[in-house]
Every structure is written in C-alpha cells, then in structure tokens.
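Worksheet: one structure, shown below.
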Amino acid sequence: MLTRIFAGFLALLPIAAAPAVAQDWPTRAVTMVVPYAPGGPADIVGRIIAPGMSQSLGQPVVVENFAGAGGMTGTARVARADPDGYQFLLGASGVLAQNQTLYKHPLYDSAADFAAVGLIAMAPPILITRKDFPAGDLKEFITYVRANQSKLQFGTAGPGSGPHVTCVLLNTAIGSKVTDVAYRSSSIAEQDLVAGRIDYMCDFISTALPQIQGKTVKAIATLTRDRTPMLPDLATADEQGLAGFDAPGWYAIVAPKTTPAPIVQRLNKAMVDALDSAAVKDRLTALGNTVVPPAQRAPDHFAAFLRDEIDKWAGPIKASGVSLE
C-alpha cells in the first residue's frame, strides 16, 4: 500500500512542479529570436518592444537574429526549443502564414507547433522603385514592367519573406515575370535599390518609409486595402486600378508548443505592457505600423487569426504557381 501511495505521489510531482516553475519564471535572460538578418522590418519591431518586455519581466530580453531559408531556420529552431519560456519567436506574416503554402516541405506547422502569445502590429507593404524608374504611378509601372520584364529585377529579403511573396503576388496580378534577387535583409536590398542596381521592391513600411521620406526611392502604391496614415497621399493598388489587391503584413510572438500556459500568459503580459508604453507605441506608429488594439492582443485571438491567415494566403499563392523546395 505504501509503495502504491509513494508511486502516486511521484506521478503527481511534474504536475505540481509546473505551476511553481511558471510562477518563478523568468530567473534569467530570455531570448527573442528574430528569424531574419539585422536591420529588417521584423528586427526593427523586435528591438523596439524588447526593452519594454524586459522591464515587465524583470529580466533582460535579448534579441538574437537567426536568419536563413526565408525565416524558416530561426522559426524551426524555436519550434524545437525547450518549452520553458526562455526562447520565443518574433515572427511575421511571411514566416508564420505564407511559408506554409509557398514551400512544398515547410520545416514546421505554424498552427500546430507553436503556442500563440499575441499579435503586435499590422504593417502595410509599399511598392517602391529606384529613383529614376520611368513610372510615376501604378498604371505607368504596370505598362513599363510588362514591356521590359525580361530586363528588370526586384529585390527581396530572401525566398519566402514577406517582401518576396508580396512582389510575387503583385507580378502575378499584373501578368509579368520578373527576376527576383534575394538578399539577407530588406535593408541590404534597399541599399541596392537606392544605388539603382535593382528596380523595385515590395517592402514593409518600417524600412521603406525612411527612404521614401529621404527621396532616395520612389513610392508607387500602398499594397493594402487602405492607405497608411504615414503616407496619406499614396494611393493603394486597388485605388489605382488593381482591383482587390490587398497584402497586409503583421508581426506577432509565438513560443514552443507545450510552453506552460502561465508562462505564455506572462509573455503576453510583457508584450502588452510594452505596447501600452507611449514611447513604444509612438516609435512603432512613426514607422508606419498600426499597433493592434487591446482586444486583439490575447493568445486565443492570435491563434485563431493565424489559422485564418494561413488559409487566406493559400489561395493566392497556389494561384501564382510559385512553389519553393
């Protein structure tokens, strides 16, 4: 009898220990994995919110860039990490939603391999060209690209990245096939765009906006349904005749699948605390991002949102005929 009681007590230990571990968490630095190279849109967002999360958690949040395979390498690393809360992912629409269809064999299942922590912000992509590109609006852009597509190149932050998928869908929508040039990050691609070595990009506003404001590139269209407040005079693709074109990007946080719920909630609280900071919100907004309202920041909301986004992007990506190994 005593043996059975003792065995039952041991079986309950992991269950009893989990809340205690979660209650004490974190006791050391926490790593925010950004699956792209430094200087890109996701990296910028991560470095803006990390200090606020550190303050909320009482431990450093260290940003680590782990790029490769359009963001899948770093994302897969977090999927396989110990579910103890000490590694989490600052992901984006490309790596968490679009890659699930774009790649024939993605390295993870975004909906099944992660615990949703929360949605951070929405980010419109902007069609930008080199400064001397012979088009001033989308109609002229389409005409020129169709006539010169074999001579042109567009830049991306790597296969499967948001800028890559958005431009692929744009090219499909306008009936053109243009060579893509993959870079380690959007910021590096933009350097070549400014230098005139590539012709255009579909970049997120956080990295495109400084170049647009500095007049080193030309802004052609906002690639979402609505205009962005930071570029109120820049018409959308839909307004310029490309009916229904809408490719919004977003940023969010996920953790390994079996991360204890109390730790997920603590990470979510740290994210929310950071977003509630006027300084953080102002910096994100100044770069053209739209911080999501409080009702859209919960883990359950993002879990449902992610499933919907995977389904939403599957149709257009399949229709484009583009598929990566």
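Just one of the listed residues (I44, I120, I48, I128) is touching an Asp or Glu at 6+ places or on another chain (Cβ under 7 Å) and among the aliphatic types (A, V, I, L, M), namely I128.
Here G71 meets each of (1) in contact with a helix residue (DSSP H, G or I) (Cβ under 7 Å, 6 or more places away or on another chain); (2) on the phi > 0 side of the Ramachandran plot; (3) surrounded by fewer than 24 Cβ atoms within 10 Å (Cβ to Cβ) with one exception, condition (3). Just the residues that are over 14 Å from Y86 (Cβ atoms) and either among the small types (G, A, S) or modelled with pLDDT under 95 (or both), please, taken from the stretch 19-34. Matches in the stretch 19-34: P19, A20, Q23.
In this structure, is T179 among the β-branched types (V, I, T) and open to solvent by 10 Å² or more (accessible area, probe 1.4 Å)? Judged against the criteria, T179 is a match.
Every condition in (1) surrounded by fewer than 24 Cβ atoms within 10 Å (Cβ to Cβ); (2) under 30 Å from D233 (Cα atoms) is met by I126 except one, and the failing one is (1).
Can you say whether Y86 is more than 16 Å from A252 (Cβ to Cβ) and either of a type outside the set (F, W, Y) or open to solvent by 10 Å² or more (accessible area, probe 1.4 Å) (or both), as far as the supplied structure shows? Here the answer is yes, as Y86 does meet what is asked. Where helices (runs of 4 or more DSSP H) fall wholly inside the stretch 20-121, the ranges with 1 or more residues that are closer than 30 Å to Q191 by Cβ and of a type in the set (K, R) are 41-57, 72-80.
The numbered conditions (1) among the β-branched types (V, I, T); (2) within 23 Å of P159 (Cα to Cα); (3) surrounded by fewer than 21 Cβ atoms within 10 Å (Cβ to Cβ) are all true for V62 except (2).
The residues listed here are T224, T228, T259; of these, the one that is more than 25 Å from V168 (Cα to Cα), part of a loop (DSSP other than H, G, I, E, B) and either open to solvent by less than 40 Å² (accessible area, probe 1.4 Å) or small (G, A, S) (or both) is T259.
L102 satisfies every condition listed in (1) of a type outside the set (D, E); (2) modelled with pLDDT under 95; (3) open to solvent by 10 Å² or more (accessible area, probe 1.4 Å) except (3). Within the stretch 77-89, residues that are free of Cβ contacts under 8 Å to residues at least 60 places away in the same chain have Cβ atoms under 7 Å from residues that are in a loop (DSSP other than H, G, I, E, B) in these pairs: R77/F66, counting only partners at least 6 apart in sequence or on another chain. Cβ separations smaller than 6 Å between residues 6+ apart or across chains give the following pairs from the stretch 119-138 residues that are over 30 Å from Q265 (Cβ atoms) to residues that are among the basic types (K, R): T129/K218; K131/K218; F133/K218.
Out of the residues in the stretch 138-176 meeting the condition of being touching a Gly at 6+ places or on another chain (Cβ under 7 Å) and at pLDDT 95 or above, tell me which one is most open to solvent (accessible area, probe 1.4 Å). Ranking the qualifying residues of the stretch 138-176, first place goes to K139.
The values are calculated or read from the model by the stated rules, or taken from the named source; none is laboratory data. Every value quoted in this text rests on a predicted model; they were computed, and no experiment measured them. Ideal geometry is used to build each Cβ from the backbone, glycine not excepted, and the neighbour counts take in all protein chains shown. The accessibility values were calculated without ligands, DNA or RNA, using every heavy atom of the protein model including side chains. Shrake-Rupley method; radii C 1.70, N 1.55, O 1.52, S 1.80 Å.
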